[in-house]
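Working notes, structure below.
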Amino acid sequence: MIRLVIFDFGDTLFHGEDDSRAIATGKWEIIERDEHGRPSIVAPPSINGKVECTFPGVQEVLHELRWRGTWLSVASSADPEYAPCMIDAFDMGSLFRHAFMANKGDWQQNCSRKGDWVAAIIHDFNIAECQDEPLKPSEVLFVDDLMRCLKAVANRVPGIHVVMSLARGSNGLRYIFDVIDEINEESENV
Ligand SMILES: [Mg+2]
């Protein structure tokens, strides 16, 4: 039974796009909202012509997972001075616990530390929200768009479930429900 899903950021939940509506106003601006009024496209404060977009269904799926009681976290090697502000701009801060951003200087395309970050996130849950019933690695799912990151995490945390991000498909992040259902059905049959 999956109790915690840990996501990568770039190309897993979000992707950048060219957009002339981004005019570098000095603060994060909401450009578009989804049908529930949640931000789906935001423009950064100081970059002209670029926006950050959620993949389809990201806000809806993350809120649904939290509503079901699934814990959510983030292990990201995105720029630590940018990504947390972007999460605030999307108004997603309350969804994630123990999110792990890269330290300044070690964020560029290096997945070697993601295994350590995922292990640290699980530990943080187990001394906080989950101390009465600690998470087993088999109750955790890690999602990333890079195979080397999935490998680094699977090697560092034996027994964890990892899955390649499929959010570029037309269903966006909704595939994650099928992945979780399949893992849960399999674990019930053991
Ligand atoms: Mg990525």
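Under 5 Å from the amide H of residue 34 lie the amide H atoms of 40, each residue being 5 or more positions distant or on a separate chain, with H modelled from the backbone and absent for Pro and chain starts. Counting other Cβ atoms within 10 Å as a rough exposure proxy, the listed residues 148, 38 run 148, 38 from fewest neighbours to most. Under a Cβ-Cβ cut-off of 12 Å, what is the net charge of the residues other than residue 72 that fall near it, where Lys and Arg count +1 and Asp and Glu count -1? Local net charge: +2.
The phi-based Karplus calculation (6.51 cos²θ - 1.76 cosθ + 1.60; θ = phi - 60°) puts the 3J(HN,Hα) values of the stretch 32-38 at 9, 10, 7, 5, 9, x, 8 Hz, whole numbers, x for Gly and Pro. The 3J(HN,Hα) values that the Karplus relation (6.51, -1.76, 1.60; θ = phi - 60°) gives for the stretch 162-168 are, in residue order, 10, 9, 5, 4, 10, 5, 6 Hz. Gly and Pro appear as x. Label-to-label distance for residue 66 and residue 129 is 0.9 nm, based on points extended 7 Å past Cα in the beta-carbon direction.
If only the Cβ of Lys and Arg carry +1 and only the Cβ of Asp and Glu carry -1, the dipole of the stretch 1-85 around its Cα centre is close to 360 debye.
Taking Cβ separations below 4.7 Å as the criterion for a possible disulfide partner, the isolated cysteines in the chain are 53, 85, 130.
Every number here is computed from the coordinates shown, using simple stated rules; none is lab data. The shown structure was predicted, so the numbers you read here are calculated from the model rather than taken from an experiment. Cβ atoms come from the backbone with ideal geometry, glycine included; neighbour counts cover every protein chain shown.
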